[in-house]
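Please read the structure below before turning to the comments.
The values are calculated or read from the model by the stated rules, or taken from the named source; none is laboratory data. Predicted model only: the values in this text are computed from it and were never measured. Methodologically, a virtual Cβ is constructed for each residue, glycine included, from the backbone with ideal geometry; neighbour enumeration extends over all protein chains shown.
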Amino acid sequence: MTGAELNLLAAYYLQKNPYRFNKQEKEKFLKGLQEWIDGKSEVIDDEVYDFLLDMGLYKKERREDEFISYINQKYGIIRFSKILDIGAGRMCKLSQALAKYGNTLYAIDPNIRLLPDEARKMGIKTIKKEFFVCDEFAKNGRGTNIQNVDYVFGVEPCDATEHIIRQGLKYDKPFDILLCGAAHKSLNGKTFSSYEDWYEYLESISTEVQIRKFKTSYYASNEKQPEIELGK
């Protein structure tokens, strides 16, 4: 399929899903699709990934399923734990999946579209439509509380990525982040020319931070155990 044909299909997809994207999200989706068409990024934007799957153009698992494969291989199946899902997305798909194992899920994302009653029916204890902020960059000196959870997870949490890393390190909480395929600005305002430079910066925050590839994506974690060999 040509790039022009993909763009026409994307226009149909946007028309078919009129409430899925606001203006900024639509622009980000189209930019991510063009970068994928042009081969500028080997890591696919999450919304582009969903588009390709929904249109039958990609035969791989969804990001949430890949993430669960990653944590299952790393920790074993996590059950009956308290989990904070940061950058949970509009429908909190990762939270829904992890709740099925008896876990208590707390989802946070400024763009959550679920109502609290809907979330509870899906097994999600609480949802917060807000940004996740670490202590160092909170206006009142104290960021999002993570002290009462067992794990902190994020599937492409975008601008929250560095916040998760810094808060997880400060409170000694295990975190695992499926990284975005695009660079973001650091909390001190530094910009990066590529996602590789962005990943290198994230690793430089602490020797505990490790970034590795698993299947189609890159993951940032704070490793407190011997290096493990992850499957392809």
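Listed values, structure above:
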item: For D85: the one exception among (1) under 19 Å from the mean Cα position of the chain (by Cα); (2) modelled with pLDDT under 95; (3) acidic (D, E); result: (2)
item: K40 being within 25 Å of E196 (Cβ to Cβ) and loosely packed, with under 14 Cβ neighbours inside 10 Å; result: yes
item: Selection within segment 45-84 - surrounded by fewer than 13 Cβ atoms within 10 Å (Cβ to Cβ) and aliphatic (A, V, I, L, M); result: L57, I77
item: Out of F67, F21, sole residue that is under 30 Å from I83 (Cα atoms) and in the same structural domain as K93 (by TED's automatic domain parsing); result: F67
item: Cross-chain or 6+ apart pairs with Cβ under 7 Å, segment 107-135 first and without any contact (Cβ under 8 Å) to a residue 12 or more places away in the chain, then in a strand (DSSP E or B) and surrounded by 18 or more Cβ atoms within 10 Å (Cβ to Cβ); result: P116/I127
item: Members of segment 213-232 that are under 15 Å from I165 (Cα atoms) and either at pLDDT 95 or above or part of a strand (DSSP E or B) (or both); result: Y218, Y219, A220, S221, N222
item: Sole exception among (1) within 26 Å of H184 (Cα to Cα); (2) at pLDDT below 85; (3) not β-branched (V, I, T) for P18, by number; result: (1)
item: Residues satisfying the stated conditions in segment 49-95, i.e. more than 24 Å from N111 (Cα to Cα) and of a type in the set (K, R); result: K59, K60, K74, R79
item: Among the residues listed as D38, D45, the single one being modelled with pLDDT under 85 and outside the structural domain of K93 (by TED's automatic domain parsing); result: D45
item: Filter result for the condition that a residue is of a type in the set (S, T, N, Q), more than 19 Å from Q210 (Cα to Cα) and either surrounded by fewer than 16 Cβ atoms within 10 Å (Cβ to Cβ) or assigned by TED's automatic domain parsing to the domain that holds Y218 (or both), over T104, T161; result: T104
item: Residues located in segment 145-157, provided they are among the polar types (S, T, N, Q) and in contact (Cβ under 8 Å) with a residue 40 or more places away in the chain; result: N148
item: Residue in segment 165-173 that is under 21 Å from F29 (Cα atoms) and in contact with a strand residue (DSSP E or B) (Cβ under 6 Å, 6 or more places away or on another chain) present; result: no
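Residues checked against (1) in a loop (DSSP other than H, G, I, E, B); (2) among the hydroxyl-bearing types (S, T, Y):
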position: Y12; (1), (2): no, yes
position: K26; (1), (2): no, no
position: L30; (1), (2): no, no
position: W36; (1), (2): no, no
position: F51; (1), (2): no, no
position: E61; (1), (2): yes, no
